[in-house]
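K.L.:
First, the structure itself, so that you have it in front of you.
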Amino acid sequence: MSTHADAEIAAQPDCWRRAAEAADRHAGLLPAPGERVAVVGCGTSYFMARAYAALRESLGAGETDAFPASDGTPLGRGYDRIVALTRSGTTTEVVDLLARAAGRAPTLVLTGAPDSPAGRLADRVLDLGFAGERSLLQTRFATTALQLLRAGLGVDLAPAIADAELVLYERLPALWERRGQFTFLGTGWTVGLADDAALKLREAARAWTESYAAMEYRHGPISISDRTSLVWCLGPAPSGLRDEVESTGALFAADAIDPVAALVRAQRLAVALAARRGLNPDRPRHVSRSVILAGASRPVAAEAARILRP
């Protein structure tokens, strides 16, 4: 069965090309070197925020914190800029945070719906409508937002695009689909990607998934690994990790490709597992396109309903 998720996963290399162009065209909107930045989002968008924050700091571009918008961002820390990632622009926690941030720091929103509550509250908006999605499973919007931010840090996206095209062409190893437990690992900025890979399999296929910083896996989580497990490191694996994983009987995988392209491979595995289990990845159980809390104002709730209407 062909799904919206299949098409949206396949469209990512083209979306990333457009993201690179947008980063160059709108360079003045993106965080400048040395700025103190907070990056926020919910769910997958939060995981992308964490990846960007860790990468920006590792490149020496400036102090960068990532927060789930749902847990209260400490706006009193004196940020030079607040960046919010929101596919729909209607998530209550993101909208509320942007309202609270007014007058405290310049705000930038990356969204697929610029004419949304979040879009109108932000000082600046980057329109990623070209990466919008019909599936509830968030794939190309999230990676496109992250790739745009990476490009803004001076990262050349050409290798990532080439790797993603290869990932889309290659067949997934048949052994992977027959595993019953999946653990995703990352190092540095790829820990956020590992968290999202686990979320994709959990949402689409209701799979038993976990995710950790690679060096933390040894400190307890390794106890669940056995012959039914796939342990997958997004990016280079720390020395000795393969031997430790394989000693449990688990299947080990590590990627030499760009880590965001590796996330595309994990998205494909999520959809393949869903098909194997007779599930529709476009409509994960109990998941909605945007979380609109009961306390949202009536005008905001009504507008969210309009934007989210199929």
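K.L.:
Take the residues in segment 103-161 that are within 19 Å of V37 (Cβ to Cβ), surrounded by fewer than 17 Cβ atoms within 10 Å (Cβ to Cβ) and of a type in the set (D, E, K, R), then tell me which one is modelled with the lowest pLDDT.
P.N.:
R104
K.L.:
Hey, does segment 35-42 have a residue that's surrounded by fewer than 18 Cβ atoms within 10 Å (Cβ to Cβ), more than 16 Å from F141 (Cβ to Cβ), free of Cβ contacts under 8 Å to residues at least 60 places away in the same chain and in contact with a helix residue (DSSP H, G or I) (Cβ under 6 Å, 6 or more places away or on another chain)?
P.N.:
No; the residues of segment 35-42 include none that is surrounded by fewer than 18 Cβ atoms within 10 Å (Cβ to Cβ), more than 16 Å from F141 (Cβ to Cβ), free of Cβ contacts under 8 Å to residues at least 60 places away in the same chain and in contact with a helix residue (DSSP H, G or I) (Cβ under 6 Å, 6 or more places away or on another chain).
K.L.:
Looking only at segment 167-194, count every residue that is open to solvent by 10 Å² or more (accessible area, probe 1.4 Å) and assigned to a helix (DSSP H, G or I) and tell me the total.
P.N.:
Summing the residues that are open to solvent by 10 Å² or more (accessible area, probe 1.4 Å) and assigned to a helix (DSSP H, G or I) in segment 167-194 gives 9.
K.L.:
Just give me the residues in segment 11-26 being in a helix (DSSP H, G or I) and open to solvent by 60 Å² or more (accessible area, probe 1.4 Å), in sequence order.
P.N.:
D14, R17, R18, E21, D24, R25
K.L.:
Just to be sure I understand, how many residues within segment 228-250 are touching a Gly at 6+ places or on another chain (Cβ under 9 Å) and either polar (S, T, N, Q) or farther than 22 Å from F47 by Cα (or both)?
P.N.:
2
Each row is one residue, and each column tells you yes or no for (1) buried (at least 19 other Cβ atoms within 10 Å of the Cβ); (2) under 19 Å from A274 (Cβ atoms); (3) touching a Phe, Trp or Tyr at 6+ places or on another chain (Cβ under 6 Å).
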{"site": "D196", "(1), (2), (3)": "yes, yes, yes"}
{"site": "E203", "(1), (2), (3)": "yes, yes, no"}
{"site": "E216", "(1), (2), (3)": "no, no, no"}
{"site": "W232", "(1), (2), (3)": "yes, yes, yes"}
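K.L.:
Consider only pairs whose beta carbons are under 9 Å apart and that are at least six residues apart or on different chains; among these, list those whose first residue lies in segment 262-275 and is over 11 Å from D196 (Cβ atoms) and whose second residue is charged (D, E, K, R) and open to solvent by less than 10 Å² (accessible area, probe 1.4 Å).
P.N.:
L269/K200; V271/K200
K.L.:
Only one of (1) open to solvent by 10 Å² or more (accessible area, probe 1.4 Å); (2) touching a Ser or Thr at 6+ places or on another chain (Cβ under 7 Å); (3) not charged (D, E, K, R) fails for T86. Which number is that?
P.N.:
(1)
K.L.:
Do we find that R100 is more than 20 Å from H26 (Cβ to Cβ), under 20 Å from the mean Cα position of the chain (by Cα), of a type outside the set (A, V, I, L, M, F, W, C) and surrounded by fewer than 21 Cβ atoms within 10 Å (Cβ to Cβ) in this structure? Outline the logic, then answer.
P.N.:
Values: more than 20 Å from H26 (Cβ to Cβ): yes; under 20 Å from the mean Cα position of the chain (by Cα): no; of a type outside the set (A, V, I, L, M, F, W, C): yes; surrounded by fewer than 21 Cβ atoms within 10 Å (Cβ to Cβ): yes.
The answer is no for R100.
K.L.:
Filter segment 53-70 for residues that are within 17 Å of L97 (Cβ to Cβ) and in a helix (DSSP H, G or I); which is most open to solvent (accessible area, probe 1.4 Å)?
P.N.:
Applying the first criterion (within 17 Å of L97 (Cβ to Cβ)) to segment 53-70 yields 53, 64-70.
Narrowing the set further to residues that are in a helix (DSSP H, G or I) leaves 53, 69-70.
Working: A53: 7, A69: 8, S70: 72 Å².
It comes out as S70.
The values are calculated or read from the model by the stated rules, or taken from the named source; none is laboratory data. Computed from a prediction, not measured in an experiment: that's the story for all the values here. Glycine gets a Cβ as well: all are built from the backbone with ideal geometry, and neighbour counts include every protein chain shown. Just so you know, the surface numbers come from the protein's heavy atoms only, side chains and all, with ligands and any DNA or RNA stripped out. Shrake-Rupley method; radii C 1.70, N 1.55, O 1.52, S 1.80 Å.
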